[in-house]
Amino acid sequence: MILGYDEAGHGDVLLLVHGFPVDRRIWVDQLAGLSDIRRVVAPDLRGRGKSPTEETEWTIDTHAEDLAETIRSLGVESVDLAGLSMGGYIAFALLRRHPELVRSLILVSTRAAQDAPEYKTGREMTAERAAKFGTLALAESMIDKLLTPNAPSEVRDQVMAMFDDVPGPASAADSIAMRDRVDSTPMLASISIPTLVIEGEEEALLPKESSRALADAIPGAKLESIPRAGHFAPIENPKEFNRRVRAFFSTRE
Ligand code: MLT
């Protein structure tokens, strides 16, 4: 399906893919802060916000196909692609299925490996909880892993509002989709487009050193660490985040 999105700016498209269990508004500060250098497009993945669907089951590849259709509908040949966490898993799927659509890659707070077998039950419990009680019911156990303890209360409120708005069935479907995702590690060495890996310095959800390992495995990739930020670095420290993205683009122009 063609996804609904927010956009700002003109020219080459920077496509921003959000993580779990939030929506396009996680990129609010990139729409505002990068629209002078790109046409910034932030879609809602299916099942939430501007991309409603009756369906309640999908895979990471389904999300990748939605992105491909959406990119084609924008009237451009390819995009600069940024994926945050689950958005990164989807970015790998898009790159595998439609490499011609991706001109450069920004991988934010994400990893290439698939879930360890012992983690799969956790995904099922998360899915069950979201389907039964709504996405907001996931907040208590997740929020401290997504933002640092010093995150401004407005940022915390913005993230909580997204938890509140994302329908439970969408989070349930995403959780199962993440459980079943394939290992993207084998493809890393063959990524030949410019790639930037970004981590929050105070990342609390991903294993330590995982962003470093990701950057090391992709030829020519650079790692940037964002101070005073955790997993959701784009919204927690947008100033530093946007500065690193600008620098990445400016070295190529
Ligand atoms: C995300 O931020 O998209 C998710 O927390 C990633 C995950 O659970 O693996």
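With respect to residue 33, is the statement that it is more than 14 Å from the ligand (Cβ to nearest atom) and either hydroxyl-bearing (Ser, Thr, Tyr) or over 18 Å from the mean Cα position of the chain (by Cα) (or both) true?
No, not satisfied.
Would you mind finding the one in 46, 39, 129, 123 that is open to solvent by 10 Å² or more (accessible area, probe 1.4 Å), closer than 24 Å to residue 195 by Cβ and of a type in the set (Lys, Arg)?
The match here is 39.
Looking at segment 6-25, which of its residues are small (Gly, Ala, Ser) and crowded, with 24+ Cβ neighbours inside 10 Å?
19
Going by what's in this entry, would residue 170 be described as outside any helix (DSSP H, G or I), in contact (Cβ under 8 Å) with a residue 60 or more places away in the chain and either crowded, with 19+ Cβ neighbours inside 10 Å or within 11 Å of the ligand (Cβ to nearest atom) (or both)?
Judged against the criteria, residue 170 is not a match.
Does residue 91 count as open to solvent by less than 10 Å² (accessible area, probe 1.4 Å) and among the hydrophobic types (A, V, I, L, M, F, W, C)?
Yes: the conditions hold for residue 91.
Can you name every residue in segment 13-29 that is more than 16 Å from the ligand (Cβ to nearest atom) and within 23 Å of residue 157 (Cα to Cα)?
Within segment 13-29, 28, 29 qualify.
In segment 99-115, is there at least one residue being more than 28 Å from residue 242 (Cα to Cα), of a type in the set (Lys, Arg) and either open to solvent by 10 Å² or more (accessible area, probe 1.4 Å) or within 10 Å of the ligand (Cβ to nearest atom) (or both)?
no
Can you tell me which of 28, 79 is of a type in the set (Val, Ile, Thr) and crowded, with 17+ Cβ neighbours inside 10 Å? Full working, then the answer.
Details: 28 fails: crowded, with 17+ Cβ neighbours inside 10 Å.
Testing whether each residue is of a type in the set (Val, Ile, Thr) and crowded, with 17+ Cβ neighbours inside 10 Å leaves just 79.
Go through segment 93-152 and give me each residue that's acidic (Asp, Glu), free of Cβ contacts under 8 Å to residues at least 40 places away in the same chain and closer than 27 Å to residue 225 by Cα.
If the condition is that a residue be acidic (Asp, Glu), free of Cβ contacts under 8 Å to residues at least 40 places away in the same chain and closer than 27 Å to residue 225 by Cα, then 140 is the only one that fits.
Restricting attention to segment 184-212, which residues are surrounded by 21 or more Cβ atoms within 10 Å (Cβ to Cβ) and within 13 Å of the ligand (Cβ to nearest atom)?
184, 199, 200, 203
Can you find a residue that is under 20 Å from residue 217 (Cβ atoms) and open to solvent by less than 50 Å² (accessible area, probe 1.4 Å) anywhere in segment 134-151? Can you show your working first?
If we filter segment 134-151 for residues that are under 20 Å from residue 217 (Cβ atoms), which is where we start, we get none.
The answer is no; no qualifying residue exists.
Please go through segment 173-183 and pick out each residue that is within 13 Å of the ligand (Cβ to nearest atom) and out of contact with any Lys or Arg (no Cβ under 8 Å at 6 or more places or on another chain).
Passing the criteria: 174, 177, 180, 181.
The values are calculated or read from the model by the stated rules, or taken from the named source; none is laboratory data. Everything numeric in this text was worked out from a predicted model, so none of it was measured. Methodologically, a virtual Cβ is constructed for each residue, glycine included, from the backbone with ideal geometry; neighbour enumeration extends over all protein chains shown. Quick note on the areas: whole protein, heavy atoms, side chains included, nothing else; ligands and nucleic acids left out. Shrake-Rupley method; radii C 1.70, N 1.55, O 1.52, S 1.80 Å.
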